[in-house]
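To start, the structure under review is shown below, and the notes come after it.
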Amino acid sequence: MADSATAKNRKTVKPQENTVIRKVLRHVLIYLISLSIVVVTFVVAINLVYGKFFKPVDPKDDTTISVEVPMGTSVNGIADILYEKDLIRNEGAFKLMVDLSNKSNKMQAGKYKLSKSMTLQEMINELLAGQVSVTTVKITIREGDDVRKVASRLVNEYKLNFTEEDFIKEAKNVDKYVADYPFLRDIPEARKKGEFPLEGYLFPNTYYVFADDTPGRIIRILLGEFDETFTQELREKAQEMNLTMDQVVTLASVIQNEGKDEEFTKISAVFHNRMRIGMNLESCATINYVLDKDVQQTNLTVEDTKVDSLYNTYQHPGLPIGPISSPGEAAIEAALNPFAEYMDEKEPMLYFVLMDPKVGLHAFNSTYEGHVKGKEKYQELWK
């Protein structure tokens, strides 16, 4: 009887075990099917994302496209440049790839030849390697350079790929740059038609440019630097003094070419005083500009000071018709901040005379008699 009961129990247990096994298998099967669906969905999603954001724009198009990455451009800026050139599908994808490489600060400026068939990683590798298609050139525009000297320096010293005439001709096209640099609207119409309308605005500094940059590209770089240097604070100061930006630049350019940095505010005071009382500036620097020569003020002749030009401050009152050079930041600051002690209305400083030419400093006087004595005192040093 016991054996019979045991056998009966076994018969009842077996169907239960089969039921459990089937349930487990069903769950496993459902899990595997679900996992498969997830994996397939993930793969499809990855392919869609890759195709939409990471895939080359056109794997079959090997046409090279010139890409310029200026000095100091951020990864965001590079991404924008590549997107605008239709070289990448998405800026965010490019930035993500750069971030994953952990080399975002090693991207190099330059001109590159890229194509739509390149992958993001290939482009990143090019930008990291810095194998540019065009070399960069370090140029320096000096304080006190006029347009003619700037053109000569760019062509003869730095060997850029254009002529002096090309640069000077491009520098006449003021209207071409007004939209991007509104401060140029300050230039009087009469001077816009003159020989060097952008005189004074090609800001002196050291720059890195490309060997094949055009005159227009160089001019934009220099105008951009001027725009950053002539701050809103300086513009407001000019308005307070009832001066236009062009008048400030004009005065600064004369100050720049009359002395050394440490005397700029004193020279500025002399010119402000003269303008206030209606006295001609009589700046030797303006004569040098007209005659296109670089000589000491002590070597100018009376005949030189009679040259017919609206830049001649011996013959015409007030400021010359426009700037005579590219003034630096110190000269611009000085034009707006003349030396207060020399601005005394009862005894204003009205004259300055060169002392030792080797040193380049001046003696300042409030009277003509004192000025004459100064000339007599120092003229031996001029020989």
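The values are calculated or read from the model by the stated rules, or taken from the named source; none is laboratory data. This one's a predicted model, so the numbers in the text were calculated from it and none came from an experiment. FYI the Cβ positions are ideal-geometry reconstructions off the backbone, even for glycines, and counts take in every protein chain you see.
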_Criterion violated by LYS111 - all others in (1) among the basic types (Lys, Arg); (2) buried (at least 17 other Cβ atoms within 10 Å of the Cβ); (3) part of a helix (DSSP H, G or I) satisfied_ = (3)
*Which condition does TYR208 not pass, out of (1) part of a helix (DSSP H, G or I); (2) at pLDDT below 95; (3) not small (Gly, Ala, Ser), if it passes all the others?*
(1)
*State which residue pairs qualify: first residue more than 21 Å from ALA238 (Cα to Cα) and inside the stretch 337-351, second residue basic (Lys, Arg) in any location, beta carbons under 8 Å apart, and separation of 6 or more residues or different chains.*
PRO348/ARG276; MET349/LYS266; LEU350/ARG274
_Of all residues in the stretch 146-186 being outside any loop (DSSP other than H, G, I, E, B) and aromatic (Phe, Trp, Tyr), the one that is farthest from GLY216 (Cα to Cα)_ = PHE183
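Considering GLY216, GLY200, GLY278, GLY224, which residue is on the phi > 0 side of the Ramachandran plot, of a type outside the set (D, E, K, R) and without any contact (Cβ under 8 Å) to a residue 60 or more places away in the chain?
GLY278
Of all the residues that make up the stretch 236-247, how many are in a helix (DSSP H, G or I) and surrounded by 14 or more Cβ atoms within 10 Å (Cβ to Cβ)?
Residues flagged as in a helix (DSSP H, G or I) and surrounded by 14 or more Cβ atoms within 10 Å (Cβ to Cβ) within the stretch 236-247 amount to 5.
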*Can you name the condition, by its number, that LYS172 falls short on among (1) charged (D, E, K, R); (2) in contact with a helix residue (DSSP H, G or I) (Cβ under 7 Å, 6 or more places away or on another chain); (3) surrounded by fewer than 18 Cβ atoms within 10 Å (Cβ to Cβ)?*
(2)
